[in-house]
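Participant: Handing you this structure, nothing more for now.
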Amino acid sequence: MRSPRRGPAAPARRLAAVVAGLATIVPASAAVAAPSGAAPAPAVTAAGTQPVHGYAQAIRERVWVQVPVDSDADGRPDRVAVRIIRPRDSGPGLKVPVIFQASPYYAGLNDVPNHDDIDRDAAGARRDGSPGTGRAAETVVFSGYLDNYFVPRGYAVVFADSLGSGGSTGCPTSGGRNETLGMKAVVDWLNGRARGVDEAGAPARASWSTGRTGMIGVSYNGTLPNAVAATGVRGLETIVPIAGISSWYDYYRANGGVVAPGGYQGEDTDVLAKAVLTRENPEVCAGVTAALEHDQDRATGDYNAFWAERDYVRDAARVRASVLLVHGLHDDNVRTLNAGRWWDALARNHVPRKIWLHQAGHTDPFNVRRDVWLDTLHRWFDQWLYRIDTGIMKDPVADVEVAPNVWRTARTWPVPGTRPTTLALGGPAPDGRPGTLRSRPGPPGGRQTFVDDPSRTTADLAADGMSADPNRLAYLSEPLTRETRLSGTPRITVRADLDGRSPYLTALLVDYGTAERYAGLRSLSTQDCVGPGIPEDPGCFNQRVHVTATTASEIVTQGWLDVRNRFSAAVTTPVSAGRPYTFHWNLQTQDHVFAPGHRIGVIILSTDRDHTLRYAPGTEVGLRLGVSQVVLPLSS
């Protein structure tokens, strides 16, 4: 679940975590009184905490926190390397809260090849010996705004190396329990419950900390907050997981199938652990990484105890922290089901929460909507760490970018009025559609077939839904008469038989209709930032803006199933060639607006070249009409 950009370590001055908190919520217009003889507390106005502390004068220090595990089996407790930047005035007389960003990336990445088992021969064994491409050439990018923005406003910002990376000991395990306990220990230290030492080896205590901690981060850095919150640790008041994993199974698997994150075919937990293993003496972790390779089980893809340990959704009932969940609707790295399942579990457990969904991919919202994001984050941390009533919990629960630079709010998410809408997969239509989507199923008994071709991409197979194609099936609705919004997690049911080596069924939900669509982000240029009428802004060049393109189709969401796991992701049950079975699976969570005149399309194929394993071509799939259907969470 690595960031899509990797490489050299970030400077230590940009590593930070902030713990904040006063005991009671106070009106935003009230001032926070400082203890007698202490430096003045941050000025508080209707806008919340104010930048009254000098950033250049801030205290910068390092400590090592002891963890109650010994994951490298050296006979000593693991230790976490922690870097702190806090206001000069902070101390026993003026305690401050903490914003905490944990990461395995601060020391960069190792060059590790991915697994070479992506392509399989007729017997299911490897047929391409070339390893997949690793990620070490990428650049790890951190926004770097946490310390610059929040330290002057009376927060400490703390950065910690995840176990097995940078200055920490222990071994990385790609979301394993030891990693969770490592970052939990930092929260415990900030609350006086764990041991720490300074650079001289002397005991170190966070006497400057109120104990109130907020965790934040993007990608892996956004996953660790989910993991720690799921322990129920006291003192962790809030988390802001951005593009974070809630279940590592949903990152590297799907419904019994080995399914890679977008762009990283062949990667798995062992590859990621080796990539972030940047501690001294990394050879001590050889046994741990070997166990990862075995226990992750790329042979069956089944959900097992290994994946259950890395499934934080199971422990959502233990979450005490409030959650500001942020995810990109075009994130093909940490796919949106990670956000959807986590959000639904938090809702079931009545966790205080808000959600931000934007049109970009795997990125920080700072790159998408900088000023609004900083204002939101400032109000959020002031609310939960300083206990200032900023009014943010009275704002709409959901902020959703429904098109590039077009935002809508809602009091709940999925948005009010969303209802499960069943559309049946039907046969050819008089207007030339090879298959139809309609509210009433046709008579059962019809059968349509296609033959799997793993050399073709989903974009190619979905491009023209109005034409028949030998390598997939397409089902399109009539043109929509009004705007229709998808909000939530679609689910599909397919009655089909398979004859061949590929065990996969893939479903795509497609928007057919010409529109300006999100196509990526670009950095601002000199032309954007300098010129007549453009106010001077030194931070301008750090911003990125949406790039759009006019296209006739867009894959809205997708989902995968290994048909041998039709009963359970945890159990492999073989299928008999030519015998029909009923299969059910979810697609990725999504929020998307279908414009009037557009058609909703469902594409059924087998191999997804960019995500699933690739078996020899030729698997024939026969889909039964009248009983196959998709259930979409729609409103209009």
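Participant: In region 160-177, which residues are over 12 Å from Ala81 (Cα atoms), open to solvent by less than 10 Å² (accessible area, probe 1.4 Å) and under 21 Å from the mean Cα position of the chain (by Cα)?
Facilitator: Within region 160-177, Pro172, Ser174, Gly175, Gly176 meet the criteria.
Participant: Would you confirm, using the coordinates I've provided, whether Thr231 is over 18 Å from Tyr312 (Cα atoms) and in contact (Cβ under 8 Å) with a residue 12 or more places away in the chain?
Facilitator: Here the answer is no, as Thr231 does not meet what is asked.
Participant: While we're on this one: Any residue in region 566-585 that is of a type in the set (Ser, Thr, Tyr), under 23 Å from Asp297 (Cα atoms) and under 28 Å from the mean Cα position of the chain (by Cα)?
Facilitator: Among the residues of region 566-585, at least one is of a type in the set (Ser, Thr, Tyr), under 23 Å from Asp297 (Cα atoms) and under 28 Å from the mean Cα position of the chain (by Cα), which makes the answer yes.
Participant: Does Gln629 meet the test of being modelled with pLDDT under 95 and open to solvent by 10 Å² or more (accessible area, probe 1.4 Å)?
Facilitator: Details: modelled with pLDDT under 95: no; open to solvent by 10 Å² or more (accessible area, probe 1.4 Å): yes.
Criteria not met by Gln629.
Participant: I'd like the full set of residues that are in a loop (DSSP other than H, G, I, E, B) and either open to solvent by less than 70 Å² (accessible area, probe 1.4 Å) or touching a Gly at 6+ places or on another chain (Cβ under 7 Å) (or both), limited to region 60-74.
Facilitator: Val67, Val69, Asp70, Ser71, Asp72, Asp74
Participant: What pairs can you find where one residue is in region 431-451 and of a type in the set (Ser, Thr, Tyr), the other is not in a strand (DSSP E or B), and their Cβ atoms are less than 8 Å apart, with a gap of 6+ or different chains?
Facilitator: Thr436/Gly427; Thr436/Pro428; Thr436/Ala429; Thr436/Ser477
Participant: Go through region 381-405 and report how many residues are assigned to a helix (DSSP H, G or I) and farther than 19 Å from Ile216 by Cα. Don't jump to the end; show me each part of the working.
Facilitator: Of the residues in region 381-405, the ones assigned to a helix (DSSP H, G or I) are 381-385, 392-394.
Add one more test, that the residue is farther than 19 Å from Ile216 by Cα, and what stays is 394.
The total comes to 1.
Participant: Something else now. With the condition being modelled with pLDDT of 95 or more and either touching a Gly at 6+ places or on another chain (Cβ under 8 Å) or under 27 Å from Gly622 (Cα atoms) (or both), I'd like the strands (runs of 3 or more DSSP E) fully within region 461-538 carrying at least 2 qualifying residues. Before the answer, list the steps.
Facilitator: On the way: elements: 473-476, 484-488, 491-499, 504-523.
The qualifying strands (runs of 3 or more DSSP E) are 473-476, 491-499, 504-523.
Participant: Are any residues in region 178-188 of a type outside the set (Asp, Glu) and open to solvent by 10 Å² or more (accessible area, probe 1.4 Å), and if so, which ones?
Facilitator: Asn178, Leu181, Lys184
Participant: Surrounded by fewer than 16 Cβ atoms within 10 Å (Cβ to Cβ) and at positive phi - does that describe any residue in region 271-286?
Facilitator: Yes, that holds for at least one residue.
Participant: In addition: (1) of a type outside the set (Ser, Thr, Tyr); (2) at pLDDT 95 or above; (3) surrounded by fewer than 15 Cβ atoms within 10 Å (Cβ to Cβ): which one isn't true of Leu425, the others all being true?
Facilitator: Failed condition: (3).
Participant: Any idea how many residues of region 202-219 are more than 13 Å from Arg387 (Cα to Cα), in a strand (DSSP E or B) and open to solvent by 30 Å² or more (accessible area, probe 1.4 Å)?
Facilitator: 2
Participant: Would a scan of region 600-609 turn up a residue that is part of a loop (DSSP other than H, G, I, E, B), more than 23 Å from Arg341 (Cα to Cα) and touching a helix residue (DSSP H, G or I) at 6+ places or on another chain (Cβ under 9 Å)?
Facilitator: yes
Results for (1) in contact (Cβ under 8 Å) with a residue 24 or more places away in the chain; (2) part of a loop (DSSP other than H, G, I, E, B); (3) out of contact with any Cys (no Cβ under 9 Å at 6 or more places or on another chain); (4) under 30 Å from Gln359 (Cβ atoms), shown as yes or no for each residue.
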residue	(1), (2), (3), (4)
Arg298	yes, yes, yes, no
Gly301	yes, yes, yes, no
Leu325	yes, no, yes, yes
Asn333	yes, yes, yes, yes
Arg341	yes, no, yes, yes
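Participant: What's the number of the condition Arg5 fails, among (1) open to solvent by less than 60 Å² (accessible area, probe 1.4 Å); (2) at pLDDT below 50; (3) closer than 30 Å to Gly328 by Cβ; (4) not aliphatic (A, V, I, L, M)?
Facilitator: Arg5 satisfies every listed condition except (1).
Participant: Can you list residue pairs whose Cβ atoms sit under 9 Å apart, with the first residue in region 386-402 being within 28 Å of Lys95 (Cβ to Cβ) and the second being among the basic types (Lys, Arg)? Count only pairs 6 or more apart in sequence or on different chains.
Facilitator: Tyr386/Arg212; Arg387/Arg212; Ile388/Arg379; Thr390/Arg379; Gly391/Arg379; Ile392/Lys354; Ile392/Arg379; Met393/Lys354
The values are calculated or read from the model by the stated rules, or taken from the named source; none is laboratory data. Because the structure is a prediction, the values reported are computed rather than measured. Cβ coordinates were reconstructed from backbone atoms using ideal geometry, including for glycine residues, and neighbour counts include every protein chain displayed. Heavy atoms of the whole protein, side chains included, go into the accessibility calculation; ligands, DNA and RNA do not. Shrake-Rupley method; radii C 1.70, N 1.55, O 1.52, S 1.80 Å.
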